[in-house]
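S.K.: Below you will find the structure I want to go over with you.
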Amino acid sequence: MSSCCCSRAHLPVVAVHSSGRPASASPWPHARPRLCSKQPAVDSLPTTADLAPGGGIARSLLQGSGSSLQSQLGQRDQRLRVAVDVDEVLGRFLHSLNQFCHEAYGVHYDVADYFVYDFAKVWECEQGESNNRVHEFFDSHHFAAGIEAIPGALPALQRLQAACDLMVVTSRQHIIRQPTLEWLDQHYPGIFTGNVHFGNHFALEGSSRKKSEICRAVGADVLIDDNPAYAVECAQAGVHVLLYDWQNSYPWSRTAEGPVHDRITRVRDWAEVEQVLGVLAAQRQA
Ligand SMILES: [Mg+2]
């Protein structure tokens with residue numbers, strides 16, 4: 001299969017600086033997107049006008065990549081299959097974890113301290129120690145009852161249900177399967193019922209599955225995730241990725257490599273997720 005984005009349906013590429021400035025102002029090397037000749041030249045976060053029906057991105061999808069999308073997806077189920085990450089996309093995991101760390105260990109971290117979503121690196125400890133602390137967190141009230149839902153996610157998902165098949169693809173461990181299902185039922189009732197998949201990453205026991213493998217197995221067209229490593233892995237596997245960087249407040253989502261890929265689009269909130277998916281879903285149903 002060709003590596004050119006023109007050969008596949010794809011989302012518009014967006015690359016931005018942490019401040020929200022266009023990528024052209026980014027101090028990072030290789031921050032500008034690779035664009036194929038037929039791809040819309042989008043070098044800043046999409047605006048509502050761009051994403052609205054008839055807007056710049058919508059027109060590009062209709063006239064350019066959209067025709068590829070339509071022809072490719074028209075042969076399959078018309079509904080978009082969207083995989084959604086849990087932590088930092090649906091729920092404020094880090095916010096609660098930081099509260100636990102302060103209470104249990106007397107250390108203070110903010111979300112802004114996580115330059116990488118690797119707790120051992122941020123906490124400056126061994127991987128085993130990091131894993132143990134996280135599993136202690138799982139047993140605490142901060143995990144059981146303290147994780148808040150990301151604002152705007154539920155109403156957006158409720159609207160998206162009309163045109164999308166929604167599923168959870170999380171790296172969470174099997175050991176927290178039941179509390180995760182209960183949390184999803186509590187905060188996202190009727191959205192993901194019976195369609196939740198666990199990667200079991202960084203687990204103390206059991207084997208793990210790559211997110212790209214899970215996405216392939218469940219037939220996901222799109223993944224919404226805050227982790228740049230998972231974003232690149234899944235984009236390279238042919239999945240469109242909306243890289244979730246809530247209000248540009250997730251330092252770990254921005255790496256020296258961008259990340260930049262033809263199938264990765266950065267989004268700042270669920271309104272933007274809804275807008276981009278709405279355009280794609282409309283294309284599929286056209
Ligand atoms: Mg996450």
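S.K.: What is the calculated FRET efficiency for A144 to Q78, with r their C-beta to C-beta distance and R₀ = 45 Å, to the nearest 0.05? Mind dumping the intermediate values first?
M.R.: Details: r = 40 Å, r/R0 = 0.88.
Plugging the Cβ-Cβ distance into 1/(1 + (r/R0)^6) gives 0.70.
S.K.: Now for a different question. Between H95 and A256, what is the spin-label point distance in nm, taking each point 7 Å from the Cα along the Cα→C-beta axis?
M.R.: 3.2 nm
S.K.: Taking the Cα centre of each part, how many Å lie between segment 231-286 and segment 76-118?
M.R.: 17 Å
S.K.: Out of every Cα-Cα pair in segment 172-286, what percent are more than 23 Å apart?
M.R.: 37 percent
S.K.: Provide, for q = 0.16 Å⁻¹, the log10 of I(q)/I(0) from a solvent-free Debye sum over equal Cα point scatterers in segment 93-146.
M.R.: Those come out to -0.41, one per q.
S.K.: Quick check: residue separation of H135 and S208 times 0.36 nm, minus the Cα distance between them. What number comes out in nm?
M.R.: 24.6 nm
S.K.: If you filter segment 187-280 for GluC sites (Glu not before Pro), then keep DSSP loop positions with at most 11 other Cβ within 10 Å, what is left?
M.R.: For GluC sites (Glu not before Pro) across segment 187-280 that sit outside H, G, I, E and B with at most 11 neighbouring Cβ atoms in 10 Å, the list reads E205.
S.K.: Nearest 20 debye, what's the magnitude of the dipole of segment 93-146 about its Cα centre given +1 on Lys and Arg Cβ and -1 on Asp and Glu Cβ?
M.R.: Charge dipole, segment 93-146, about its Cα centre: 100 debye, nearest 20.
S.K.: Now, a different point. Using only C-alpha atoms and all pairs of different ones, pull out the Kirkwood radius for segment 180-243 in Å with one decimal.
M.R.: Roughly 12.9 Å, rounded to one decimal.
Any read-out appearing in this document is the output of simple, stated calculations on the displayed coordinates, not a laboratory observation. Because the structure is a prediction, the values reported are computed rather than measured. Positions of Cβ are generated from backbone atoms using ideal geometry, with glycine treated the same way; all protein chains shown enter the neighbour counts.
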